[in-house]
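Below: one structure, written as structure tokens.
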Amino acid sequence: MNNNQPIINSKTLIALAFALGLTNLARAQNITIPVETKNNALVLQVDGKKDVGTIYLGKKLNDAAAYAQIPSVYKQTADYTDNTSNSAYSTSGSRGYFEPAITVTHADDNNSLDLRYVSHKVTKTDNNVSLLSVVLKDPAYNFEVTLYYKSYFNEDVVEQWSSIKHSEKGNVVLQKFASANLYLKAAKYYLTQYHGDWAKEMQPEESLITHGIKTLDTKLGTRANLFQPSVFMVSLDKPATEDEGTVLYGSVEWSGNFRTDLELDNQDNLRIIAGANNYASAYTLKPNEVFTTPAFLYTMSDKGKGDASRKLQHWARNYRILDGNGNRLTLLNNWEATYFDFEEQKLFELIKDTKKLGVDMFLLDDGWFANKYPRNGDNAGLGDWQENKKKLPNGVSSLVKEATNNGVKFGIWLEPEMVNPKSELYEKHPSWVIKQPKRAEHYFRNQLVLDLANPEVQNFVFSIVDDLFTKNPELAYIKWDCNAVIFNAYSAHLKNQSHFYIEYMRGLYKVLERIRAKYPKVPMMLCSGGGGRVDYAALKYFTEFWPSDNTDPLERIFIQWEYSYFYPAITSSNHVTDWGKQPIKFRVDVAMMGKLGFDIVVSKLSGDELKFCQNAIKNYNQLKDVIWHGEQYRLADPRKNSVAAIMYIDEVKSNGVMFNYLVNNRYDEGSKLPIKLKGLDAAKRYTLKEINLYPGSNSSLDATKTYSGEFLMTIGYNPDVKAGRNSVVLQINEAK
Ligand code: DGJ
């Protein structure tokens with residue numbers, strides 16, 4: 001608005017309009033719909049033409065009535081007629097001129113869509129969770145979209161999705177079907193995205209978003225995150241740091257192909273359109289069928305990345321991860337100890353080692369199954385889930401029994417969605433396999449993916465798990481692996497191949513639902529030859545995930561650091577292996593920062609190494625509650641410092657643990673400056689005691705000294721990290 005113009009408030013304008021009989025103008029009174037959480041607000045506005053736009057996404061205002069004034073204070077560029085760029089769910093083929101959230105072909109072959117407000121309502125689940133639904137309809141077609149905004153007040157988290165239906169005279173084809181369409185205003189936007197590959201997961205890149213569209217997506221079908229996960233951050237105005245700046249975290253809750261478009265428009269506003277990828281996936285929607293998109297998840301903080309990540313971690317533990325506030329099992333895995341080369345007696349020894357080490361469970365990995373084509377390598381047997389008679393003449397049950405006799409639990413590896421061409425399963429059911437009928441087969445780790453779009457395959461996959469538990473009710477854990485991407489996407493079961501990628505995921509979720517209905521509590525690890533597969537749709541069914549096959553502890557400091565922005569430590573399966581050059585202490589200390597496991601040959605450990613591990617596991621058992629359920633603070637970034645540090649503190653700010661590592665081996669590098677702790681009570685006093693000391697070594701730190709929380713957070717503490725002390729674990733306790 002021009003400053004010289006007279007100011008007429010909206011009430012006067014509407015009264016005037018009625019007086020003059022201008023009912024259209026009277027109807028033009030806007031409806032403002034705020035979605036508020038503890039600190040943030042997403043504000044929708046319905047204008048006189050019944051377009052629903054996003055007028056604000058950011059820090060909450062105390063006076064909710066003031067949201068309606070927001071649009072008037074922006075003067076970015078000419079306001080083109082009927083501009084819908086801030087649409088809450090942008091359409092194509094009518095008035096939109098930017099990337100749409102939805103594109104359809106109607107039953108009469110028309111490609112236009114225009115969605116106008118019909119109604120909205122808010123349903124409160126409890127004091128923390130509310131669901132706003134906004135119904136939109138096309139004035140020219142019987143086509144309807146409902147937008148959903150599920151808000152978690154205390155966690156500042158919102159999940160957004162949409163449901164789409166129509167009652168046209170024939171089918172409608174959904175060409176694009178995003179979950180959410182956000183709209184942000186800032187001077188500048190900085191995107192943090194991730195890329196990777198096997199053993200190189202979660203490599204961050206930060207860049208200024210420029211005009212046009214930046215797309216984050218995958219087309220791998222399954223194991224979808226191999227090259228790029230769906231998690232990302234957008235900082236507003238300037239790059240956010242750990243403790244400063246405004247940052248939004250986003251993630252698509254979908255384990256298959258996802259797509260997020262970040263479009264900087266002509267007015268310098270950022271449009272984020274995210275959901276399942278529409279790549280090769282035009283969806284034919286029958287009249288009255290409801291298509292529900294997966295959810296897009298986001299949180300926002302004006303206090304930097306650390307605060308945003310703790311909000312997400314809280315939400316994940318309280319609302320998403322299976323048994324997010326529960327316990328986990330420490331374990332000894334045999335993968336790197338034996339690979340495929342084992343038999344019953346050898347496993348009995350490893351079970352004894354499990355007990356000796358002091359962990360809760362023995363986890364039997366790949367190689368225990370298949371007879372016609374024994375699983376002695378990764379080129380055969382996948383799909384034939386009968387115990388290999390040579391290796392396990394007495395079956396899995398004798399191993400479970402042996403574990404029980406030794407006072408430990410027993411878990412098992414599966415890769416149920418996959419098949420080796422060299423298998424009885426492939427011979428019997430070639431139509432269950434994803435492959436193009438007219439093309440040569442393409443393999444990924446010598447294997448193919450089963451067609452989970454087919455209900456028979458769903459039954460088969462469910463039965464693999466079900467049979468194991470029926471025969472071995474004491475089974476305590478499943479490592480669910482997934483080592484191939486989808487090539488030659490084609491389902492012999494489906495009539496419409498465009499539905500393939502969506503039906504595959506729906507099929508997978510159906511199986512997981514059935515497993516959880518029958519086995520609600522059994523812990524399961526989501527594994528994918530590394531972190532090729534973790535997202536907040538899958539974590540509904542899983543207790544933890546495998547961040548990377550790369551267990552070199554130096555690499556893991558970086559990988560685990562980046563995952564920690566999005567996923568709580570309780571979900572991060574960290575195994576001590578023989579990867580890397582670091583001594584056992586360094587390896588164990590790094591693995592302790594999440595859910596601890598071992599994948600080593602215990603019998604090859606020296607006396608001191610074994611003693612160290614046993615003692616570290618005892619320490620871990622004392623500390624695991626705060627690591628799994630406490631607040632996590634990143635203190636020193638390994639990408640910016642020679643020393644990396646991270647700490648965990650309990651809710652009452654009394655007890656915690658701080659991990660410190662030397663990540664730069666150049667001459668004389670170390671913790672030259674004190675490291676500032678976070679999340680403590682300034683008024684309390686604390687002791688810091690070095691634990692996980694290697695037998696025979698003494699700490700250079702004085703555990704009897706006390707420091708105020710204020711001191712530790714303002715001045716800091718020096719863990720004395722340097723060559724020869726390259727990994728230091730400090731137990732933090734309130735001094736009473
Ligand atoms: C890939 C996993 O990441 C490994 O830990 C192991 O389970 C192998 N698969 C087994 O084939």
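Reported count of residues in segment 537-560, each being within 20 Å of VAL522 (Cβ to Cβ) and away from the ligand (no atom under 14 Å from the Cβ), is 7. So how many residues does segment 624-653 have that are of a type outside the set (Asp, Glu) and farther than 27 Å from LYS672 by Cα? Of the residues in segment 624-653, 6 are of a type outside the set (Asp, Glu) and farther than 27 Å from LYS672 by Cα.
Could you look through segment 369-398, keep only residues that are part of a loop (DSSP other than H, G, I, E, B) and among the hydrophobic types (A, V, I, L, M, F, W, C), and pick out the one that is nearest to SER463 (Cα to Cα)? Ranking the candidates gives TRP385 first. Filter segment 591-608 for residues that are under 21 Å from ASP365 (Cα atoms), in a loop (DSSP other than H, G, I, E, B) and small (Gly, Ala, Ser) and give the result. Selection gives GLY594 alone. Could you list, in sequence order, all residues of segment 509-562 that are of a type in the set (Lys, Arg) and more than 25 Å from ASN665 (Cα to Cα)? Residues satisfying the conditions are LYS510, ARG514, ARG516, LYS518, LYS521, ARG533, LYS540. Sub-8 Å Cβ pairs linking a first residue in segment 166-185 that is at positive phi to a second residue that is outside any strand (DSSP E or B) and not polar (S, T, N, Q), at least 6 apart or interchain, are GLY170/ALA107; GLY170/ASP108; GLY170/PRO287, ordered by first then second residue. Residue count for segment 354-368 satisfying the condition of being away from the ligand (no atom under 16 Å from the Cβ) and either surrounded by fewer than 21 Cβ atoms within 10 Å (Cβ to Cβ) or not polar (S, T, N, Q) (or both): 6.
Of note, GLU734 does not satisfy the criterion of being in contact with a Leu (Cβ under 6 Å, 6 or more places away or on another chain) and buried (at least 17 other Cβ atoms within 10 Å of the Cβ).
Out of all the residues in segment 99-116, is one or more open to solvent by less than 20 Å² (accessible area, probe 1.4 Å) and free of Cβ contacts under 8 Å to residues at least 40 places away in the same chain? For segment 99-116, residues open to solvent by less than 20 Å² (accessible area, probe 1.4 Å) and free of Cβ contacts under 8 Å to residues at least 40 places away in the same chain: present. The condition of being of a type outside the set (Asp, Glu), surrounded by fewer than 22 Cβ atoms within 10 Å (Cβ to Cβ), more than 16 Å from the ligand (Cβ to nearest atom) and in a loop (DSSP other than H, G, I, E, B) holds for only one of GLN614, GLN582, that being GLN582.
Tell me, please, whether a residue that is open to solvent by less than 10 Å² (accessible area, probe 1.4 Å), within 26 Å of TRP198 (Cα to Cα) and more than 16 Å from the ligand (Cβ to nearest atom) can be found in segment 479-492. Checked against the condition, which is being open to solvent by less than 10 Å² (accessible area, probe 1.4 Å), within 26 Å of TRP198 (Cα to Cα) and more than 16 Å from the ligand (Cβ to nearest atom), segment 479-492 yields no hits at all. Just one residue in the set ILE559, ILE515 is part of a helix (DSSP H, G or I), on the phi < 0 side of the Ramachandran plot and surrounded by fewer than 23 Cβ atoms within 10 Å (Cβ to Cβ); that residue is ILE515. Checked against the criterion of being open to solvent by 30 Å² or more (accessible area, probe 1.4 Å) and within 30 Å of SER151 (Cα to Cα), the candidates ASN371, ASN318, ASN376 yield just one match: ASN318. Scanning segment 326-338 for residues that are open to solvent by 30 Å² or more (accessible area, probe 1.4 Å), more than 16 Å from the ligand (Cβ to nearest atom) and under 30 Å from SER606 (Cβ atoms) turns up just one, LEU329. Contact map, segment 151-164: residues that are on the phi > 0 side of the Ramachandran plot paired with residues that are in a strand (DSSP E or B), Cβ distance under 9 Å, separation 6+ or inter-chain. Pairs shown: ASP156/ASN40; ASP156/THR299; ASP156/MET300; ASP156/SER301. Kindly establish whether LEU468 is more than 27 Å from PRO520 (Cβ to Cβ) and either open to solvent by less than 40 Å² (accessible area, probe 1.4 Å) or in contact (Cβ under 8 Å) with a residue 40 or more places away in the chain (or both). For LEU468, the condition - more than 27 Å from PRO520 (Cβ to Cβ) and either open to solvent by less than 40 Å² (accessible area, probe 1.4 Å) or in contact (Cβ under 8 Å) with a residue 40 or more places away in the chain (or both) - is not met.
Against the test of being out of contact with any helix residue (DSSP H, G or I) (no Cβ under 8 Å at 6 or more places or on another chain), assigned to a helix (DSSP H, G or I) and crowded, with 21+ Cβ neighbours inside 10 Å, the options VAL588, VAL626 yield a single qualifying residue, VAL626. Candidates are the residues of segment 409-433 that are in a loop (DSSP other than H, G, I, E, B) and open to solvent by less than 10 Å² (accessible area, probe 1.4 Å); the one that is farthest from the ligand (Cβ to nearest atom) is SER423.
Checking GLU651 against (1) more than 16 Å from the ligand (Cβ to nearest atom); (2) in contact (Cβ under 8 Å) with a residue 40 or more places away in the chain, only one condition comes out false. Which one? (2) is the only condition that GLU651 fails. Taking segment 539-555 as the range and being in contact with a Ser or Thr (Cβ under 7 Å, 6 or more places away or on another chain) and under 19 Å from TRP628 (Cβ atoms) as the test, the residues that pass are LEU539, GLU544, PHE545, TRP546, PRO547.
Of all residues in segment 675-707, those that are free of Cβ contacts under 8 Å to residues at least 60 places away in the same chain, outside any loop (DSSP other than H, G, I, E, B) and either open to solvent by less than 20 Å² (accessible area, probe 1.4 Å) or of a type in the set (Asp, Glu) (or both) total 4.
The strands (runs of 3 or more DSSP E) located wholly in segment 212-309 that include 1 or more residues which are hydroxyl-bearing (Ser, Thr, Tyr) and in contact with a strand residue (DSSP E or B) (Cβ under 8 Å, 6 or more places away or on another chain) occupy 212-217, 232-236, 246-252, 258-264, 283-285, 296-301. Restricting segment 562-581 to residues that are more than 24 Å from CYS613 (Cβ to Cβ) and not hydroxyl-bearing (Ser, Thr, Tyr), the residue that is nearest to the chain's Cα centre (by Cα) is PHE566. Have a look at ASP323, ASP341 and point out the one that is within 16 Å of the ligand (Cβ to nearest atom) and surrounded by fewer than 17 Cβ atoms within 10 Å (Cβ to Cβ). Exactly one residue qualifies, and that residue is ASP341. Of the strands (runs of 3 or more DSSP E) entirely within segment 138-209, those holding at least 3 residues that are open to solvent by 20 Å² or more (accessible area, probe 1.4 Å) and more than 19 Å from ASN277 (Cβ to Cβ) occupy 143-152, 203-208. The condition of being under 27 Å from the mean Cα position of the chain (by Cα) and modelled with pLDDT of 95 or more holds for only one of LEU452, LEU468, that being LEU452.
Condition (residue is more than 30 Å from GLN447 (Cβ to Cβ) and open to solvent by 30 Å² or more (accessible area, probe 1.4 Å)) applied to segment 221-234: is it met by at least one residue? Within segment 221-234, none of the residues are more than 30 Å from GLN447 (Cβ to Cβ) and open to solvent by 30 Å² or more (accessible area, probe 1.4 Å).
The single residue among THR32, THR84 that is within 23 Å of THR299 (Cβ to Cβ), open to solvent by less than 60 Å² (accessible area, probe 1.4 Å), without any contact (Cβ under 8 Å) to a residue 40 or more places away in the chain and β-branched (Val, Ile, Thr) turns out to be THR32.
The values are calculated or read from the model by the stated rules, or taken from the named source; none is laboratory data. From a predicted model like this one, the values you see are computed outputs, not experimental measurements. Glycine also receives a Cβ, built like all others from the backbone with ideal geometry; neighbour counts cover every protein chain displayed. For accessibility, only protein heavy atoms count, side chains too; no ligands or nucleic acids. Shrake-Rupley method; radii C 1.70, N 1.55, O 1.52, S 1.80 Å.
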